[in-house]
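Notes follow the structure.
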Amino acid sequence: MGNMFPLSSDGQDPAELPDLNDPLIDHSEGQLFLNEAFKIIVEEVLCKGTDVKQKVCEWREPEQLALLLDLELRAAGEPQQRLLQRVQDVAKYSIKTSHPRFFNQLFAGVDYHALAGRFLSEALNTNLYTYEVAPVFVLIETEVLRSLRQLVGWTEGDGIFCPGGSTSNMFAMNIARYRLFPEVKSQGLWAVPRLTIFTSAESHYSVKKGAAYLGIGTDNIIVVKVDEG
């Protein structure tokens, strides 16, 4: 009996379809690219980027930098050598935050051991949904949260890691509201009276953002003046 289905749904001969047991990507090529990219990162970011004789950055104005980088999104891919050049360009024209003469209010310098941890977490590409999908990282998170609770004298409780100060302050405002009016979680703003936020005149701008996002309203913020001390 002849083949009743000589072609796939898209008209391709089944014999020409890829074997699902084969790797979906060429790992040897990918690992070669990664090795070459890593060499550039080490040289440009970790060697030159920490050398006091080098510049903190190769500054270019936005229009000029856009032309140099050619950031147009294209439908077709690019060869690996072109991608490696892009790695080189990104490293060259970025601010070297590990440079001895880079000063910022939030971050500076490089911790090589922490950087290795970031490489590892990115390579594993896991997510902390459950212990089943991230057993090691769930245990790490649990221990870090336990240590943080100890710093403030708590023996029990829970915690969450935030991507930045704005989100942290917003979470804190939401928790404070929930503590006073737990019904807001299920019934929404209709279940609570008009709320007011008191904050310092020196407070972070995220307080205003939080009031807007949480539906409290920026007009319901009362700014408290601070003394010179």
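The values are calculated or read from the model by the stated rules, or taken from the named source; none is laboratory data. On a predicted model such as this, the values are computed, not experimentally measured, just so you know. Positions of Cβ are generated from backbone atoms using ideal geometry, with glycine treated the same way; all protein chains shown enter the neighbour counts.
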Hey, could you check segment 42-57 for residues that are among the hydrophobic types (A, V, I, L, M, F, W, C) and not in a loop (DSSP other than H, G, I, E, B) and say which is nearest to Val110 (Cα to Cα)? Leu46
Residue satisfying condition, being assigned to a loop (DSSP other than H, G, I, E, B), modelled with pLDDT under 90 and charged (D, E, K, R), within set Arg60, Arg74: Arg74
Looking at segment 206-222 only, could you name the residues that are out of contact with any strand residue (DSSP E or B) (no Cβ under 6 Å at 6 or more places or on another chain), outside any loop (DSSP other than H, G, I, E, B) and among the small types (Gly, Ala, Ser)? Ser206, Gly210, Ala212
Just to check your reading of the model, which residue among Leu106, Leu124 is under 20 Å from Gly30 (Cα atoms) and under 20 Å from the mean Cα position of the chain (by Cα)? Leu124
Which ones in segment 185-217 are closer than 18 Å to Cys162 by Cα and exposed (fewer than 11 other Cβ atoms within 10 Å of the Cβ)? Tyr205
